[in-house]
Amino acid sequence: MLTVLVGGGAFAFYQIDPLHVFRSGPQAAEAIPANALLYAGFDLNPSAEQKVNALRFLNHFPAFRNNSGLGDVNADVRSAIFGKALTAMRCPGLTYGVDVKPWIGNKFAVAAMPPTSGGSSPVVIGALEVTNQSAAKTGLSKIRACVRSIMGGPTFGFAFEGDYALLAQTQVQAVSYAKAAASSSLADSAAFTADMKSLGDLGVATMWVDVSRAVTAFGQVLPVSAQLGNLDHSAQRAAATFRFSGDSAEIVTSVLGSAPAVTHGENQIVKLPSSTVFAVSEAGGGQRVGVSWKAIKQGIAAQGVDVGAAISQLEARTGLRLPDDLRTLFGNNLLFAMDRNGLGAGGPLRGDLSSIDAGFRFTNNPAALNALYAKVRRLIEQQSTAALPVAKVDASDGIAVATNARYAKVLAGLSGGLGESPGFQSVVQNAANMEFVAYFNWNSVEQTIVSALHNSGAPQQVIDNLRPLRAIGATSVVSGHYTVGSIKVSVDD
């Protein structure tokens, strides 16, 4: 029954809110025991600013605007969610207005607890905020009785802790977990609090997992124990939040792990031309390879590979030297970029790569880079008689390799203003100080892609829901003991 009640509500929530926006910060963690393995909190009535921003963003998309019924900031999200959940349970006589609305609050959470004694699987529990404990007891009892008559046997148990009803698979479990939360809740945990702080401003959704302990629990029931074990070595805990700001939506993640910080200069993506359509840039990658090489080999070895033998064979076959050549390749900055030139009708479709402006910019010792370039070029030419369709231009701090000489010179010079362009700034902040940055300017290629979709017979509703997009950006940087990442999407006004 717990799956029906919580899972059914979540599914109904997904149907009316497919982008998962009305979800909470850590408040519901107050009713979850501190030894939880995984936590996901939801808020059906987030702060006024977040709710306005969420609706402002989502109403750009016809799929949300026409189907959610949430165009009004005063709309009761709870009615749509729990009304659909009750309908899915097919309990005659139960209604949201009579049996749920008088007591349901705005926050709820789902958590995974360690396996009970003698068990092998984590235990799923839920927490529902209540405004009237007496009414909640009556409503939950009616739901439980109805579902018991349909399903037969025990359904779920519930107990109260503070402003929440804690739901579990049995009554004994519900009482036990409620007492545990009263003694020490997840919100009281120093580790949980630190992880939340690492995310910055919390948005309308918060998720958290204790990776080390979850690997131990889930590894017993999932057929991927080797991969999970490797994850355990690289990440201890992880958290995420979903938030809105103006005309954008952002997911921020934070992973506490073993990744050391590296020193690096300005991320060079900010110096690309403002006409850039797509770019991805890694600053300090050479140093990252150096400090991570041991962990990389351990990860490969965890898959049953003889790493030493595999590297020796690769070096003998190619003449490459690892990890030295990788450090040279990534260097101080490794950048790939594509400009909008040539991406109009016909350019890439003609198969003429030189008509497209795309290429790499390697920033490191020029002599070392040229030696590696020559080595890689020989390897490619040994496999093909066709001339390599690229142009190389040397710079004082590296080399540029592109599909044509003109764009290779642009990349070698790196004197553009992408970092100051409005589209870039709508999805990427503090780019120069980030270790990793990726950027896609949807507006630059929208008409080309839309035309291609029209010609391929794509549904009009798909096209209509793509048109509002403006840009997409992603960043990552190691800050203290955390690797903090962001994926942000912006829309046009």
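Values as computed for the structure displayed
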| item | result |
| --- | --- |
| Set of aspartates and glutamates with alpha-carbon distance to LYS375 below 14 Å, sequence-local pairs under 8 removed | GLU315, ASP324, ASP325 |
| Structure-based [θ]222 nm, the chain - -39500 (n - 2.57) summed over DSSP H runs of at least 4, per residue, nearest 500 | -11500 deg cm²/dmol |
| Stretchable slack from ASN465 to LEU379, in nm (0.36 nm times residue separation minus alpha-carbon distance) | 26.5 nm |
| Cleavage-rule hits, trypsin sites (Lys or Arg not before Pro), region 305-341, DSSP coil, Cβ neighbours within 10 Å at most 15 | ARG321 |
| Förster radius 22 Å - calculated FRET efficiency between ASN430 and SER396, Cβ distance, rounded to 0.05 | 0.25 |
| Cα centre as origin, Lys/Arg/Asp/Glu Cβ charges: the chain dipole, Debye | 740 |
| Mean shadow area of region 121-191, taken as a quarter of the surface of its Cα convex hull (nm²) | 5.6 |
| Between helix 48-58 and the chain: long-axis angle, C-alpha atoms, 0 to 90°, nearest 10 | 60 |
| Mean projection area, nm², convex hull over Cα of region 340-493 | 12.6 |
| Rg followed by Dmax, in Å, when region 77-178 is reduced to its Cα trace | 13.7, 41 |
| The chain, accessible area per residue, ligands and nucleic acids excluded (1.4 Å, Å²) | 46 |
| ASP352-THR95 FRET efficiency (beta carbon distance; Förster radius 41 Å; 0.05 resolution) | 0.05 |
| Built amide H within the under 5 Å cut-off of ASN364, gap 5+ | ASN332, GLY398, ILE399 |
| In Å, descending, principal axis extents of the Cα set of the chain | 77, 50, 36 |
| Convex hull volume per residue in cubic angstrom - Cα atoms of region 372-453 | 173 |
| Long-range HN-HN contacts of VAL277 with modeled amide H, under 5 Å | MET338, ASP339, ARG340 |
| Kirkwood Rh, angstrom, region 170-212 [1 / mean 1/r, Cα pairs] | 12.2 |
| Rounded accessible area of PHE436 (nearest 10 Å², 1.4 Å probe) | 60 |
| Entries of LYS271/LYS294; LYS271/LYS488; LYS107/LYS137; LYS137/LYS179 with Cα pairs more than 22 Å apart | LYS271/LYS294 |
| Dipole axis of region 317-469 (+1 Lys, Arg; -1 Asp, Glu on Cβ), positive-most option in LEU414, ALA431, GLN447 | LEU414 |
| Overall dimensions of region 234-305 as given by Cα atoms, namely Rg and Dmax in Å | 16.7, 48 |
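The values are calculated or read from the model by the stated rules, or taken from the named source; none is laboratory data. What you see is a predicted model, and the numbers here were worked out from it, not measured in a lab. With ideal geometry, Cβ positions are generated from the backbone for all residues, glycine too; neighbour counts draw on all protein chains shown. Ligands, DNA and RNA are stripped out before the accessible areas are found, and what is left, the full protein with its side chains, is counted by its heavy atoms. Shrake-Rupley method; radii C 1.70, N 1.55, O 1.52, S 1.80 Å.
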